[in-house]
1. What is the sum of charges, Lys and Arg at +1 and Asp and Glu at -1, for the other residues whose Cβ falls under 11 Å from the Cβ of N460?
2. Note the full-extension length gain between D182 and S394 as 0.36 nm times their separation in residues minus their Cα-Cα distance, in nm to one decimal.
3. Using +1 at the C-beta of Lys and Arg and -1 at the C-beta of Asp and Glu, which of A350, Q519, T7 has the Cα lying farthest in the positive direction of the dipole of the chain?
4. Using Cα pairs under 8 angstrom and six or more residues apart, how large is the relative contact order of the chain, in percent?
5. With a point put 7 Å past each Cα toward its Cβ, work out how far E56 is from D109 in nm, to one decimal.
6. Does segment 312-374 come out rounded, prolate or oblate, given a ≥ b ≥ c as the square roots of the eigenvalues of its C-alpha gyration tensor, rounded meaning a/c under 1.5 and, failing that, prolate meaning a/b above b/c?
7. If we count other beta carbons within 10 Å of each Cβ, what is the order of S260, S238, S501, S394, fewest first?
8. Please list, ordered by chain and number, the residues whose modelled amide H lies under 5 Å from the amide H of L317; skip anything fewer than 5 residues away on the same chain.
Amino acid sequence: GDAGSETPAELGFAAVPRSLEDRVVLPDGYQASVLIAKGDALFSDIADYQNDGSGEDFDKRSGDEHDGMEFFGLGAAGVWEPNASERGVLCMNHENLEDDTLHENGVTDAADNGGARPQVEIDREILAHGVACLEVIKEDGQWRYVKDSAFNRRVTGATEAVISGPCAGHDALKTKLSPAGDKGFGTLNNCASGRTPWGTYLTCEENWFSYFNRNDASDARSAVENDLFARYGMGLVSKGFSYREWDTVAGDMYQRFNISVIGATATDDFRNEPNTFGYIVEVDPFDTASKPVKRTAMGRFAHEGAIFAPAEAGKPLVYYMGDDSRNEYLYKFVSAASWDPADVGMGTTAGNKYLDDGKLYVAIFNNDGTGEWKELSFGVNGLDAANPLYPFSSQGDVILATRLAADHVGATKMDRPEWAAVNPMNGECYLTLTNNSGRNRTPDTVDGVNPRTYGGSGGNPNGHIIRWREEGGDHAATSFDWDVFLFGAPADKDAQSINLSGLTADNDFSSPDGLYFDQRGLLWIQTDDGAYRDTVNNQMLVAIPGEVGDGGMLTFTNDFGAEENTTFVGKDASAVDLRRFLVGPKGCEITGITMTPDARSLFINVQHPGEGGSAANFNTDVSTWPNPNGDALSLGNGVSRPRSATIVITREDGGEIAL
Ligand code: FEO
Ligand code: CA
Ligand code: CA
Ligand code: CA
């Protein structure tokens with residue numbers, strides 16, 4: 001590839017029309033193949049996956065619901081070669097489960113099975129979560145994964161991890177299985193991803209709180225502890241929305257999901273188990289024997305991704321991170337240590353240097369297009385023992401209760417911060433705000449950066465994308481300028497209050513989620529939408545984005561006409577080269593994206609095709625992707641249950657993607 005220092009002036013393909021078909025639709029001249037699908041064996045000592053609800057050994061198979069991923073090029077010596085484009089280690093998250101297709105007859109409830117779920121189902125579920133790392137290689141123009149590669153590895157919902165940073169050894173992380181508070185077991189519901197400049201993978205724990213059972217009113221915690229748990233979605237009496245009755249079978253590895261059992265001391269029980277989750281987790285793709293490391297310094301919340309600003313020697317490393325829940329916040333982490341390129345290849349040892357010590361900040365967006373980063377450090381900004389929200393007595397406390405610390409400093413409540421991306425050409429930062437409900441974004445609570453509420457139920461059903469430029473171009477700065485890049489919308493809706501950016505049938509989208517800058521400065525946008533799925537399946541677009549402030553003023557009046565919130569800086573899409581590049585099969589979300597350095601291979605994930613189907617027919621009334629009848633991808637056993645999968649996109653002429 002000839003990735004230069006200038007963003008290309010124009011995209012080189014014709015936009016893909018909207019589609020509701022059960023297939024991947026690409027521009028003319030492009031092709032896609034399935035690289036690895038749910039259940040595919042990483043090793044040859046287990047049986048091939050049948051996709052009929054059988055299959056165990058998910059610690060040796062692809063997990064379910066492929067999500068964020070990163071490509072690490074492999075050189076001949078078997079070490080990271082950042083410029084390698086035809087062989088690499090692909091690391092990806094397995095966020096969640098399609099239980100209906102994972103098991104033979106869907107989930108067997110405990111109540112229908114003598115009070116305990118079948119252990120075979122529970123084990124399959126725990127192991128199908130987490131991370132997969134696999135060697136991938138391009139031979140004769142065709143990509144495949146390498147079965148039995150020494151790089152193949154699974155991190156699951158049970159894998160032992162090291163707790164590192166300010167929360168290591170904290171009393172609130174001590175459990176029966178970790179009396180010293182220095183380890184955790186497994187990683188759950190990992191969404192977007194990140195990477196470090198020294199060559200490790202970052203996986204981000206998102207809806208981890210939703211797996212726990214706090215359903216016993218005798219769970220008598222202190223008021224402080226109860227408030228903390230409630231702020232993280234685990235109030236008394238509650239079962240999380242992903243609670244799967246894992247605690248209905250015996251054994252500590254299952255009982256840890258019941259957090260209502262309070263013994264004599266915290267090391268007799270699992271009251272603190274959720275405090276071992278909610279972190280950025282570092283995985284070394286090149287050392288399969290290494291333990292994952294939970295980097296607590298980077299905050300504890302519903303982590304979406306950890307997107308790094310390009311590393312510069314002698315400067316701190318900076319990561320941007322969204323907390324994807326309604327009305328939650330945008331954070332950044334600035335390392336204490338300055339980047340030394342000699343640390344490339346040092347694995348998680350380098351992580352100990354750069355990710356355990358630094359400053360965490362949360363964003364405040366002012367209505368005038370400026371913003372500031374508020375520091376979340378113990379003893380700073382009122383984060384001390386006298387704080388009215390939480391009695392902070394250490395940085396470990398600040399991290400444990402990150403959301404309460406951010407509440408205290410007046411952070412701006414956002415319309416669900418999902419992925420961030422940094423433009424390699426100018427350092428500008430982008431963030432998807434996927435959507436918000438009418439209950440959480442009301443006419444009384446709109447602000448400049450979350451300006452919309454409309455429709456019958458109000459809220460911001462189509463989401464938007466914002467961007468900011470750090471003061472002086474310095475990612476460690478504490479102030480910035482921002483604007484709205486694009487508002488999602490159906491193209492045929494009223495331009496005044498809904499289709500504010502003037503999207504067309506060739507580029508309209510709703511609920512932006514995945515976001516990625518490739519090395520040429522092209523911005524890729526992926527959707528996870530429910531509001532517009534009757535018109536177009538989830539999709540991926542690409543843009544030549546321009547820069548902060550170049551859109552001019554977009555003036556509009558909200559439905560409610562609140563005087564102080566009527567004018568915003570935003571962009572008219574007619575001024576952006578924005579084109580739909582891909583539409584996915586039915587019921588899926590498009591998420592996860594990484595490109596080879598030569599810009600000739602693009603990996604993306606098709607997550608949960610068939611969502612919205614029923615257990616009775618394994619969702620096949622919605623989708624059979626990637627195994628449509630007669631398709632070469634069929635397993636040949638007559639089973640067409642939809643499966644999450646990674647696809648790799650190339651041009652038929654071998655050229656650069658999108659140009
Ligand atoms: Fe797992 Fe925020 O999407
Ligand atoms: Ca997401
Ligand atoms: Ca989403
Ligand atoms: Ca998802």
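No value in this document is a laboratory result; all are computed from the given coordinates. Computed from a predicted model, the values in this text were never measured in an experiment. Counting neighbours? That spans all protein chains shown, and the Cβs are built from the backbone with ideal geometry, glycine included.
1. Result for the local shell: +3.
2. Working: separation 212, 0.36 × 212 = 76.32 nm, distance 1.66 nm.
Value of the extension gain: 74.7 nm.
3. A350
4. 16 percent
5. Result: 2.6 nm between the two label points.
6. On the way: a/c = 3.30, a/b = 2.04, b/c = 1.61.
Prolate is the answer for segment 312-374, as a/c is 1.5 or above and a/b outweighs b/c.
7. Numbers: S260 21, S238 18, S501 26, S394 14.
Final ranking by Cβ density, sparse to dense: S394, S238, S260, S501.
8. The answer is S335, W339.
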